[in-house]
Amino acid sequence: MNIDIGNAMAEAVGTGLTEAELQSLDERVSKAHDRIQQGREDDTFGYVALNLPSDTDAAEITETVEPFTDSTAVLTVGIGGSALGAATLTSALGPSPVDHYVLDNVDPERTTAVLESLPLESTVVNVVSKSGTTAETLATFLVVREAMEEAGVDWTERTIVTTGSEGPLRTLAGEHDLPALNVPEGVPGRFSALSAVGLVPAALCGHDIDALLAGGQTASESLEGSLFESPAYAYGAVAYALDQRGIGTNVMMPYAEGLEVFAEWFAQLWAESLGKDGQGQTPVRALGATDQHSQLQLYRAGPTDKLVTLVRPTERADRDIPETDIPELSYLGGNTLGTLLDAEFEATEASLAAADQPNVRIELDALDAHGVGELLYLMEAACILAGELYGVETFTQPAVEWGKRAARGLLGAGEFEEAAAVSAKHRLLID
């Protein structure tokens, strides 16, 4: 895997960084790297996430899912980091004999539609919540349990739990002898994809979780104390430095359908980790080449406030474009869809630079288990490095907790002063 930051430099775009600025920033990167490494060695909250490739027990996960090899579907019930990592992995790794569905929202119509479409007798339910008290997850799980009971399916024979060492979900697992895996201690949900939190559905779908972890380990070994030697640090440092000069939006634009969910995972990682103290880039999700026909107009001709991150695998299966007798389309015949997609990628990259919009290219060798594990780890390390440069508490999410307390108060779960803000809402209704 490699990263090309050339189009984020002053030689390419007017808002770009100079070599001298990067050299100066690299001194801060070196110090940040030392703090990160110390945090990893001390198993400090958050930093320990970077140890997951070596700490995660793939054999335990494989053994836990083995009784469910008769499944035709896996249904993940979770929200945020408890679901996005898992969805990213199975989406990126492609079709499988086992279909993966995710209920990560409490939209009743969506929930009903998914449950009605599933063969519940051959579905394994993968419920994930570190605390075991997440309202959306537990409410959905109760609905899923009821649907299975109504279909004559013993939910206790079709459920895997991934949760913390204590809490209602852990207690439930003990009472019903459910197979249970641990959410790793000290790892925020959005950094937990390379643990049981993200790997259980991949294992159930038959994907190579050892290779996923090996890819993460490869990225881990690439962390050096300089942005010029570490792709992860180069990305985190450049994104931070551009934000300091007004490039406050980061568009994640993979050129592979399998990475569309990855862009959503990145959005949570970047927003929830760095959006603090009035700082942090706003992540935006896009998909190449589809969004060249929608969002690219804004990125080229709108405000010069965006970093566009273009991601692609360098190797992929391809398909020929048939020859045609339509003169205007003759240039397509004899080419391939992959060649066309690569041309779109490189044209977008050049068009952004020509419009003085900084962009970064990230290339992974292939969209396989090793490459996907490497990509996710790279982004996690980049985010942690950026958090060090911003000087924020990367691993907390106090703004999210405020909303959770307000919702719990509205549902009668106790007295929460945040709930009063709901009734105090200012209204100006237009009928």
Give me the extension gain from GLU393 to SER165: residue separation times 0.36 nm, minus the current Cα-Cα distance, reported in nm with one decimal. 79.6 nm
On each of the three principal axes of the Cα atoms of the chain, give max minus min coordinate, whole Å, ordered largest first. 63, 59, 59
Between ALA354 and LEU332, Cβ-based FRET efficiency (R0 25 Å, step 0.05) works out to 0.55
What is the distance in Å between the Cα centres of the stretch 9-25 and the stretch 125-149? 49
When DSSP beta bridges are limited to those with both residues in the chain, what percentage is antiparallel, rounded to the nearest 5? 10
Which of the listed residues, PRO358, CYS205, LEU89, is farthest toward the dipole's positive end in the chain, when Lys, Arg count +1 and Asp, Glu count -1 at the beta-carbon? PRO358
What is the gain in length, in nm to one decimal, between GLU121 and GLU109 on full extension, counting 0.36 nm per residue of separation less the C-alpha to C-alpha distance? 2.2 nm
Which whole-Hz ³J(HN,Hα) couplings does the stretch 183-195 yield from phi under the Karplus relation 6.51 cos²θ - 1.76 cosθ + 1.60, θ = phi - 60°, glycine and proline marked x? 6, x, 5, x, 10, x, x, 6, 9, 9, 4, 8, 9
Considering only SER226, SER330, SER122, give the residue with the highest GNM mean-square fluctuation for the chain, with springs between Cα atoms whenever their separation is below 10 Å. SER330
For a label point 7 Å along the Cα-to-beta-carbon line of GLU11, residues of the stretch 311-350 with backbone N under 17 Å: 350
Please give the helix 209-221 orientation as an angle from the longest Cα principal axis of the chain, in degrees from 0 to 90, rounded to the nearest 10. 50
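Run through the stretch 248-319 and list the trypsin sites (Lys or Arg not before Pro) located in a DSSP loop whose Cβ has at most 16 other Cβ atoms within 10 Å. Spell out each step's value before the answer.
On the way: sites: LYS276, ARG285, ARG300, LYS306, ARG316, ARG319; in loops: LYS276, ARG316, ARG319.
Counting only loop positions with at most 16 other Cβ atoms within 10 Å, the trypsin sites (Lys or Arg not before Pro) in the stretch 248-319 are ARG316, ARG319.
First check a/c for the stretch 359-431, with a ≥ b ≥ c the square roots of the eigenvalues of its C-alpha gyration tensor; if it is under 1.5, answer rounded, and if not, answer prolate when a/b is larger than b/c or oblate otherwise.
On the way: a/c = 2.68, a/b = 2.39, b/c = 1.12.
It comes out prolate by the Cα gyration axes.
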Between GLU323 and LEU428, how many nm apart are label points set 7 Å from Cα along the C-beta direction? 6.6
Calculate how steeply helix 108-117 sits against the longest principal axis of the alpha-carbon atoms of the chain, using the helix alpha-carbon long axis, and give the answer as 0 to 90 degrees to the nearest 10. 80
Divide by every residue of the chain the summed helix terms, -39500 (n - 2.57) for each DSSP H run of at least 4, and state the resulting mean residue ellipticity at 222 nm, rounded to the nearest 500 deg cm²/dmol. -14000 deg cm²/dmol
Count of lysine pairs, the chain, Cα-Cα under 20 Å, sep. 8 or more residues or interchain, comes to 4
Summed residue charge, Cβ within 11 Å of LEU194's Cβ, Lys/Arg positive, Asp/Glu negative: -3
Assuming 0.36 nm per residue, please report the length gained on full extension of the stretch LYS31 to PHE228 beyond their Cα-Cα distance. 69.5 nm
Please give the helix 84-93 orientation as an angle from the longest Cα principal axis of the chain, in degrees from 0 to 90, rounded to the nearest 10. 60
Nonlocal amide H pairs with ALA256, under 5 Å, H built at 1.01 Å: GLY288
Can I get the semi-axes of the stretch 50-213's equivalent ellipsoid? Compute them from the C-alpha gyration tensor as square roots of 5 times the eigenvalues, in angstrom, largest first. 22, 18, 15
Counting sequence-distant residues (5 or more places) and residues on other chains, those with an amide H built under 5 Å from that of LEU307 are THR249, ASN250, VAL251
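Taking R0 as 30 Å, what FRET efficiency do you get between GLU63 and GLU401 from their Cβ-Cβ distance, rounded to the nearest 0.05?
Values: r = 35 Å, r/R0 = 1.16.
Calculated transfer efficiency: 0.30.
Each value in this text was obtained by applying a stated rule to the coordinates, not by laboratory testing. From a predicted model like this one, the values you see are computed outputs, not experimental measurements. In this analysis, Cβ positions are derived from the backbone assuming ideal geometry, glycine residues included, and neighbour counts consider all displayed protein chains.
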